[in-house]
Structure formats: C-alpha cells, structure tokens
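K.L.:
Pasting a structure here, questions to come.
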Amino acid sequence: MTETVVSFASQHLLSKFLDAVKMVRDLPKEVAEVTDELESFQDFIHDANKVAEAEEDNNKRDRIRKRLTRLTEAAFRMEDVIDDYVLCDNKQPEEDPRCADLLCEAVQIIKTQILRLQIAYQIQDVKSVVRGEKDAFQKHFPIEPRSDGSRENENFTWHKLRVDPLFKQDEEVVGLEGPIQTLKKGLTEGREERTVISIVGMAGLGKTTLSKQVFDRVHKHFECHALITVSRPYTVERLLRDLTKELCEERNEQPPQDVETMNQMSLIKEVRKRLCNKRYVVLFDDVWNEKFWDDIELALIDNKNGSRILITTRDERVVEFCKKALSFEVHKLQPLSKEKSLELLCRRAFGYDFDGRCPEDYEEVGLDIVRKCECLPLAIVAIGSLLYRKCKSSSEWHLFSQNLSSELQGNSELHSVTKILSLSYDALPQNLRSCLLYFGMYPEDYEVKCDRLIWQWIAEGFVKHESRKNLEEVAQQYLMELISRSLVLVSSFSTDGKVKACRVHDSMHEMIRLKIKNTEFCEYIDEHNHLEPSGTIRRLAIATSSNGLIGSIEESQHVRSILFFTNKVLSEDFTIRLLAIAKYMRLKVLDFEFAPLYNVPESLGSLINLKYLSFRDTYIRSLPKSICKLQNLETLDVRANREIAMQNLEILDVRANREIEVPKEITKLRKLRCFLGNRISSIALKDSLGSITSLEKMHVLEIDPDGEVIREIGKLKQLRDLRVVSLRGDDADTLCSSINEMPLLERLHISTKYGTEAIDLQIRSSLSKLRKLHLYGNLKEFPIWIPRLQNLVKLSLVQSRLTNIPLISLGNMPNVLILSLSLNSYEGETLHFQKGGFQKLKELELQRLHQLSSIFIDSGTLQSLEKLLIINIPKLKTVPSGIQHLKKLRLLHMLYMPSEFKQRIDPNGGKEHWMIKHVPDVRFVPLLLAEGFAKMFSLRL
C-alpha cells in the first residue's frame, strides 16, 4: 500500500515537472500571443472609454469608469508581464569571482528557468483576468463591434503620406487678410505713446496664427523686438528673464551672467535698459492671468516713439486690466465666414487636388461640416485633415457629416472644439494615440525637442519595428503623421526642413489632459493638481516641489515613467527615497532635465528596467559606478549647457565645457544607443569604449592624451552621429581609419586640440549618408573628399586657415543648404561665387575672416539664398558685389562691421544701399560693440 502511494506521488510530481517544462518551452509563443492580444485589448479599452464619454447619466458613467479602471489595471498587468519576460530573456549572468565559472553558470540557468516558470504562471493568470474583465464589461455595458473601416488607419502606408501642404503658410491665413492689415496699420502707424493692442477671442479662432503673421511682417519696422509665449501658470521672474534673453538674442548679445539668479527688480532694470530710447514691439502670446499687465507694465518703458505691445488672450478680464495702459486698442477676433471656412476646409481636405478649391458636388456638405465646426479654424483644420485620409468621394463626406452630428450630440460636458479634436484622436491607431497622449506629460505650450520626445516614445515601447528602418526613423514617421493630421504643431525647423521642436495647441492640450485623466495614462502634478494615492497611475509628470510626494508615489505601483519640471532643488534625501521606491517599479523613463539636482545616489543601479535617463542641464558632476547595472539603458543624456549652441565650440562657456565624470563601468551597457554630453572624458573609457557596439550617437567625446580611444571608436560601426574634440595631429590618420569603418555616419564633428597645429584628414570612405560636417582646426589642405559627399546638407569650417577653398567644386554639390566659414577658416582676400554654383544653398555665414576684403557674386549663383550673415570682417568695407542678384534673400545681417561699411549702405545717401533695398530684414551692428563685448567677455572668464 505504501509503495502504491509513493508511486502515485512520484507520478504526480513527474507530471507537474513535465507540465512546468512545457510551460517554459512554450513561453516565447505565449508572450507573442499576449503581445498581440494586448493591442486589441487596448482598442477595447479605448472603445469602452468612448462609451463612458457618451453616457449622460452621471451614476451610470461612474459605474463605467470603475469598470474601466479594472480594465486598465489588467492591461497594465499584461504590459508588465511582457516586460518581465524581455528582462529575463536578456539578463546577463552576474559576475562573481568567488565561484567557478561553470558553477555560476549552472546556478544562473536554474535561476533563469525558475523566473521563466513564474512568468509563465503569471501569463496564465493575467489572460484569465483579462477575459473575465472584458466579458464583465460587455455584459453590463455592451460595445458595438468595430466596422472594418474604423481600423483603416492602423495600417497606413508611410510612402503615401504627403506632408508638403502642412508647411504652406497661405493655408494658415485663410480669412485673416483683413485683420492682418488692420493690426499691421495699428502697430506701425498712429500715436506716439506706448500702445497695448489686445487680440481676444475663444479657443481655436487663430489668435496665435494672426499675431505671429502680423509680428513677422512688422518687427523690421522697430529697433528691437521680442516674442514671448506666456501660458499658465507663470512667474514674473521667469517672464522677465525670458524677455531679457530674447532682447539679448535679437541683438546678438550675451545675456547677463547672473540672469538666472536675478530678482524681479533687477530683471525689470535689465529689460528697461535694453528698451530705453528704442522703438520696440513685443508680442505676449496666450495670456491667462488677468493681472498680467500689472506684472509687466513697469518693465515696458514708454519712450514716446511709437512702441507697441501685442497681447493675445481668450479672457476678456485680461483685456479689462490692460485698459489701465493710457493707450490701448482691442481687436476682437471673430469666427471665419462660411465661405472662408469652406475654403480652409477644402485646402486641408484636398491638398493639391482641385488647387484647394471646393468642387461643386462637395459644397453643400462642406458648408454643413463647417457649420458643425462653428467656423473655428482649429476645428476645421482638424476635420479637414481627417477627411484627407478617410473620405475620397462626396457620398463619404455626407456619411461623415451625419456621423459628426451624432458625435457632437453625445456629450454635453465636452466643448464642441474638444469633441471635434477627440474625433481626430479616436481615428488614430493605438500606438499613435499613445504618442499623442505623451504631450500631456509636458506643461501647456511647452516646446518639446523632437529628439527628446522620440527617444522617450521608443523607451516607452510605442514605436514598432519596421524592416530596413531603425526605431528612430519609424518614430520620426510617427511624429510627421501627427503633424500631418494637424494634431501636433511645428515650433521650429532646421534649415534643411527637418522638424526640430514641436508642441500642441492649448485646446489640443486640454483634450489630451481630459483623455489622460480618464485613462490613467499619466498624472500631471503641480500646485493646482495633487497626486492622489492610486495603484493605476502609469506615468508621473512632477512640476512642483518634492515635499509630500514620496508617500503618494509609494502607492503608485504601476508607474513606469517620471518626468520632472520643477525649479525647486531636489534634495539628496528625496532622490535616495525616490530611487528606493522606484526599485520596485518597472521604471523605463526617468527625466530630470533642467531640475536642480546635484547628486546621483549609488542606488541608481537598482532601476534595471530603465531605458531613458536624462540629467541634462542639472548640476551633477559625476555618475555612480552602479550605472553598469542598467543593462536595458538605451539613452543617457548628461549634457550640461543651457541654450549654448554646440556647433560653435570656439565660444567658451563654463557650463558648455563642464565635464561629467563618467565611470569605466558605463562600457558594460551593451544596449546603449545614445550617449550625449558636452564633454565626455575618455580617460576612463579609452580601452573599452568599443564594447558598446550598439552606440548610434555619441557626443561630445574628448580624446585622451595618448589617443588610445580613437582605435576603440573604430569598433562602433553603428554610429550615426560622432563628435570628438581635442584631436592631435599625430592621431588624425588613426581617426580617419576609424571613420572609414562607419558606413552609417550622418553627422561628423571634429575639433583639434591646438589651433596652431595643422592636421591632414584623409578619409577614404564614401560616407554616403553624411549630412552634416563640422571641422574645427588648422587644416594642411582642403580635404578633397568633401566635394564627393553627395548628401551633405551643412558644411562648417572653423579656424581652418586655408588660403584656397574650391568654391567651384563646393558649388556643384547637389544638396548643400548651409555653408559656414568662420574664425579664419579662410585666409584669402577674395571670395568669388561663380555663375551656376550653389543652386540650393539657403544660408551663408561668413564670420571673423580677418584677411577677406572683397566678395563677388555672379548673376546665376546662390539663387536660393535666403539668409546671409556677415560678421566681424574688418577689411570688408563694401557689400558683396552682385548681391542685388539674390532675389530670394530675406535676411541680411552685417554685425560688428567697420563704419565705412555702414556709410555705404546707409538709406540716406549710401552709394550701395540700392543693392540691398530688396531685402526685407536688414540689420547692422557697428564694430565698436563687438570690441566692447570682447572686453566684457574676457572679464567674465
């Protein structure tokens, strides 16, 4: 009997063991199934949220929301178990010198298999929970099945995307021609007293578009100008500080060294000093605080010379307070007429087809759609972008209009504009919905650098792999898709047309904040919004002091991203406690950018799920050795400069050149793709940097005195962006050999150690993908390989000391848009741009070329040039001969030039003024200011 029992128990244990083996063996398949199921489950949650939004009965809506919370928690569990599997699958064996290699390997295998088995059981459990929650929701609140057409956006093809119409300014000013002329006249003519002009109107009317159109057209009539986005909330100090910086930048001056620490009265004095005796125009966009004029009036001196202040607001109370100014005007912006609304709709919906006009059989339904949009430009543009993709016939327009009516009748809580914007959001596939919602992590009107946003999207897992494209390229496509749908606005472009920074309209931001509140996507914490203890919050944006946050964060078990937007010092105690809590989260994104952080605790290494880590513009001086444990880290940003352009490394600045101490252990981060700093010392990395073979971007790397790190660089064959400084002449050949091993290189920046030492750069590789090249240092000769760079967009030479630059060869390069020669990069006396060359060049900068005395421009060259900068060239006494041929030239800045130059271009009798009178934006700064600035700058250093 006993033997039978033992046998039965053994068989039972064997059966359990075999089941466990099978579960571990089938785990990859199970994870793939859960991953696919997660996407459809997220769509189900999205549809369930729409049911809640449409529900008019408050009690029933509350019940739906409670069910939604349970659905969301189930989705979080699915994401977490997938992350656990990926972490387990990629886990590196722990190094322990105390045991034999084979024994450690065996122990590690057992640990891994046990962990896999635990994950397999978790998957079974979470699948059961998901099925149960989904069935329960359907039972109580049935959701209609999706039609096939509703998912047509999920598999859009990128090559069909046409984004050119996005950037045509004419589309943005439909129906604003009259207001533009009225405001232009009010700004440039009339009374001598300082005058406040307010543009007031509801969200979506186009106040910002109108004000910026007018500002761009009139600012050249004033001696100085500034454009400030105010938003809410703001501090008076921050406002005055931004205004001071804008005024300094506009005059190509450095702001005061202590501008960041100045008090309110000191900042007021700085602004008044720069506006004194000058005719100025300042645009304050998006003002919310009714006491704004009280905050800013004292700084805006009245010179009795026609200065103007332009304010946009949606709040009538702001206008009432501005009436305190002795001279004011109010412009109430009205909705577009039906005819202009239809024109705007058709321009967006048809793109280039029909020249943007409305075909006759679309006119009636088009008028019906714009009526439902209340003739608001923002809503019309959003709907037009939707029609551009979804509806290709008038019958489809009619069906869309009918559905639009039912959508707008569904929920009285939502303003019609917000509801219309929600329709555009609903039409997005799941991953793009997440990308758009991520803007809710940033403050209102925040201009997000595209690189930062894209790296965070990738770390969050929003970006899907596509064949023959890296994740960054796919994410860039996602961003362009959101822009093309008019959901995201472009804040700034690079000269080659790439988007540098972006933001969302404040009405779009309101819609996003409503969505993230209802979906637990994230929680934005500031002095007006406090963190409630919850286990369902997925992301945290912290824009307030750290006091009292720790307790609430401890309750937020599912948090996977934390972004800081605070100017309050983050104490070491707070940081230690935060990392202690985060150890038990699956944190993927941790962003301290601009936060006053001074120390990084050793416990940083416990955040093993981390993919994106930024200490940019904090005050840290070193990274802990434990960073080597962050085996999933993909982006590490330790740049320390505040708004200092790194392409001009000859400008010395304490912050720009501050090094971050990087431990050698960082070379164990096998997944690191972006390693960004102002100056990354290679002393500790010189013999092991090459082991980070996944690196795609690395800057700025300071070469060690022995040059050993240069050979290591050659092992980084995935590099797309390389910037090195302190190169010595003896190491040039080795560096060129390393660069020859980088077929994917898109950006290359080389700076030498000593300006007097001539180096020879001989690169044999075709560098077929190189787009930007910056060479700083004395060159033995002009590199003959440069003219062969067929895809080069920007070329910058600094201190090259060349007596011969082959302008004919450079002029034949097919894609060069920007050419910069500065700081004695050319030591010849003449530059001759010969006929037919540089047909695509848009920007030419000539700076501190001390031997240059004449410039000749043949007719038929530089035909696309829009911007010409001539800076501190003391021997150049006349404007470039032939400049009158440059018909597309829009900006001509001649800064720190001799008085003879000024006399020749003077509008009152200058012999050469006729040559530049066709240029809209002409600016001249005399050489005396440059000398004064140089003295001040040397004293600061």
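The values are calculated or read from the model by the stated rules, or taken from the named source; none is laboratory data. In this text the structure is predicted, and so the values were computed from the model without any measurement. Because the Cβ atoms are built from the backbone with ideal geometry, glycine has one as well, and the counts that use them run over all protein chains shown.
K.L.:
Can you pull out every residue in region 677-696 that is in contact with a helix residue (DSSP H, G or I) (Cβ under 9 Å, 6 or more places away or on another chain) and either at pLDDT 90 or above or small (Gly, Ala, Ser) (or both)?
P.N.:
Passing the criteria: SER682, ALA684, SER688, LEU689, GLY690, SER691, ILE692, LEU695, GLU696.
K.L.:
Moving to a separate point now. When you go through GLU39, GLU79, GLU55 one by one, which is the residue that is surrounded by 13 or more Cβ atoms within 10 Å (Cβ to Cβ), more than 17 Å from LEU514 (Cβ to Cβ) and out of contact with any Leu (no Cβ under 8 Å at 6 or more places or on another chain)?
P.N.:
Only one candidate qualifies: GLU39.
K.L.:
Mind checking whether some residue in region 193-208 is assigned to a helix (DSSP H, G or I), buried (at least 18 other Cβ atoms within 10 Å of the Cβ) and at pLDDT below 90?
P.N.:
Within region 193-208, one or more residues are assigned to a helix (DSSP H, G or I), buried (at least 18 other Cβ atoms within 10 Å of the Cβ) and at pLDDT below 90.
K.L.:
Report whether or not SER751 is polar (S, T, N, Q) and free of Cβ contacts under 8 Å to residues at least 60 places away in the same chain.
P.N.:
For SER751, the condition - polar (S, T, N, Q) and free of Cβ contacts under 8 Å to residues at least 60 places away in the same chain - is not met.
K.L.:
Pull up region 341-371, narrow it to residues that are assigned to a helix (DSSP H, G or I) and modelled with pLDDT under 80, then point me to the one that is surrounded by the fewest Cβ atoms within 10 Å (Cβ to Cβ). Steps first, please.
P.N.:
So in region 341-371, the residues assigned to a helix (DSSP H, G or I) come out as 341-350, 353-356, 360-371.
Subsequent filtering for residues that are modelled with pLDDT under 80 retains 353-356.
On the way: ASP353: 12, PHE354: 13, ASP355: 9, GLY356: 20.
Residue satisfying both the conditions and the ranking: ASP355.
K.L.:
How many residues are among the hydroxyl-bearing types (Ser, Thr, Tyr) and on the phi > 0 side of the Ramachandran plot if we restrict to region 442-496? Break it down stepwise before answering.
P.N.:
Initial filter on region 442-496 (among the hydroxyl-bearing types (Ser, Thr, Tyr)): 442, 446, 467, 478, 484, 486, 491-492, 494-495.
From what is left, the residues that are on the phi > 0 side of the Ramachandran plot are 486.
Result for region 442-496: 1.
K.L.:
Among the residues in region 760-782, are any part of a helix (DSSP H, G or I), free of Cβ contacts under 8 Å to residues at least 40 places away in the same chain and touching a strand residue (DSSP E or B) at 6+ places or on another chain (Cβ under 9 Å)? I'd like the intermediate steps shown before the answer.
P.N.:
Initially, region 760-782 is screened for residues part of a helix (DSSP H, G or I), giving none.
No: zero hits.
K.L.:
While we're on this one: Does ASN804 satisfy the criteria of being closer than 20 Å to SER766 by Cα and surrounded by fewer than 17 Cβ atoms within 10 Å (Cβ to Cβ)?
P.N.:
No.
K.L.:
Moving on. Of the residues that make up region 654-675, is at least one under 21 Å from the mean Cα position of the chain (by Cα), at pLDDT 90 or above and not hydrophobic (A, V, I, L, M, F, W, C)?
P.N.:
Yes, that holds for at least one residue.
K.L.:
Of the residues LEU633, LEU649, which single one is hydrophobic (A, V, I, L, M, F, W, C) and modelled with pLDDT of 95 or more?
P.N.:
LEU633
K.L.:
Any idea which residue in region 816-839 is surrounded by the most Cβ atoms within 10 Å (Cβ to Cβ), counting only those that are over 18 Å from GLY882 (Cα atoms) and out of contact with any strand residue (DSSP E or B) (no Cβ under 7 Å at 6 or more places or on another chain)?
P.N.:
ASN824
K.L.:
How about region 735-781: which of its residues are surrounded by fewer than 18 Cβ atoms within 10 Å (Cβ to Cβ) and not charged (D, E, K, R)?
P.N.:
If the condition is that a residue be surrounded by fewer than 18 Cβ atoms within 10 Å (Cβ to Cβ) and not charged (D, E, K, R), then SER737, ASN740, PRO743, LEU744, TYR754, GLY755, THR756, ALA758, GLN762, SER765, SER766, SER768 are the ones that fit.
K.L.:
Would you please name the residue that is surrounded by the most Cβ atoms within 10 Å (Cβ to Cβ), looking only at residues in region 431-474 that are under 25 Å from PHE76 (Cα atoms) and among the basic types (Lys, Arg)?
P.N.:
The selected residue is ARG433.
K.L.:
For region 545-556, check the following and say yes or no: at least one residue is buried (at least 19 other Cβ atoms within 10 Å of the Cβ) and modelled with pLDDT of 80 or more.
P.N.:
Scanning region 545-556, I find no residue that is buried (at least 19 other Cβ atoms within 10 Å of the Cβ) and modelled with pLDDT of 80 or more, so the answer is no.
K.L.:
Can you pull out the residues in region 190-249 that are farther than 22 Å from ARG317 by Cα, touching a residue at least 40 places away in the same chain (Cβ under 8 Å) and polar (S, T, N, Q)?
P.N.:
Scanning region 190-249 gives a single hit, GLN213.
K.L.:
Go through region 777-809 residue by residue and tally those that are among the hydroxyl-bearing types (Ser, Thr, Tyr) and either at pLDDT 95 or above or touching a helix residue (DSSP H, G or I) at 6+ places or on another chain (Cβ under 9 Å) (or both).
P.N.:
2
K.L.:
Continuing with this model, one more query. Identify, please: which residue in region 699-742 is polar (S, T, N, Q) and in a loop (DSSP other than H, G, I, E, B) and is, among those, nearest to ILE680 (Cα to Cα)?
P.N.:
Among those residues, the one meeting the criterion is GLN718.
K.L.:
Return the residues of region 605-628 that are outside any loop (DSSP other than H, G, I, E, B), at pLDDT 90 or above and surrounded by fewer than 21 Cβ atoms within 10 Å (Cβ to Cβ); say none if nothing qualifies.
P.N.:
GLY605, SER606, LYS625, SER626, CYS628 - these are the residues of region 605-628 that are outside any loop (DSSP other than H, G, I, E, B), at pLDDT 90 or above and surrounded by fewer than 21 Cβ atoms within 10 Å (Cβ to Cβ).
K.L.:
Considering region 450-464 alone, what residues qualify as being modelled with pLDDT under 95 and of a type in the set (Val, Ile, Thr)?
P.N.:
If the condition is that a residue be modelled with pLDDT under 95 and of a type in the set (Val, Ile, Thr), then VAL463 is the only one that fits.
K.L.:
Of everything in region 301-317, what is within 24 Å of ARG232 (Cβ to Cβ) and surrounded by fewer than 21 Cβ atoms within 10 Å (Cβ to Cβ)? Give them in sequence order.
P.N.:
ARG314, ASP315, GLU316, ARG317
K.L.:
Run down VAL281, VAL287 and say which single residue is at pLDDT below 90 and crowded, with 16+ Cβ neighbours inside 10 Å.
P.N.:
Result: VAL287 is the single residue among VAL281, VAL287 that is at pLDDT below 90 and crowded, with 16+ Cβ neighbours inside 10 Å.
K.L.:
I need the full set of residues from region 211-240 which are in a helix (DSSP H, G or I) and under 21 Å from LYS917 (Cβ atoms), in order please.
P.N.:
Answer for region 211-240, where residues must be in a helix (DSSP H, G or I) and under 21 Å from LYS917 (Cβ atoms): ASP216, ARG217, VAL218, HIS219, LYS220, HIS221.
K.L.:
Condition test on SER859, is it more than 36 Å from the chain's Cα centre (by Cα) and in a loop (DSSP other than H, G, I, E, B)?
P.N.:
yes
K.L.:
List every residue pair whose Cβ atoms sit under 9 Å apart, with the two residues 6 or more apart in sequence or on different chains, where the first one lies in region 308-327 and is in contact (Cβ under 8 Å) with a residue 40 or more places away in the chain and the second, anywhere, is part of a helix (DSSP H, G or I) and polar (S, T, N, Q).
P.N.:
Within 9 Å, the pairs are ARG308/THR188; LEU310/SER211; ILE311/SER211; THR312/THR208; THR312/SER211.
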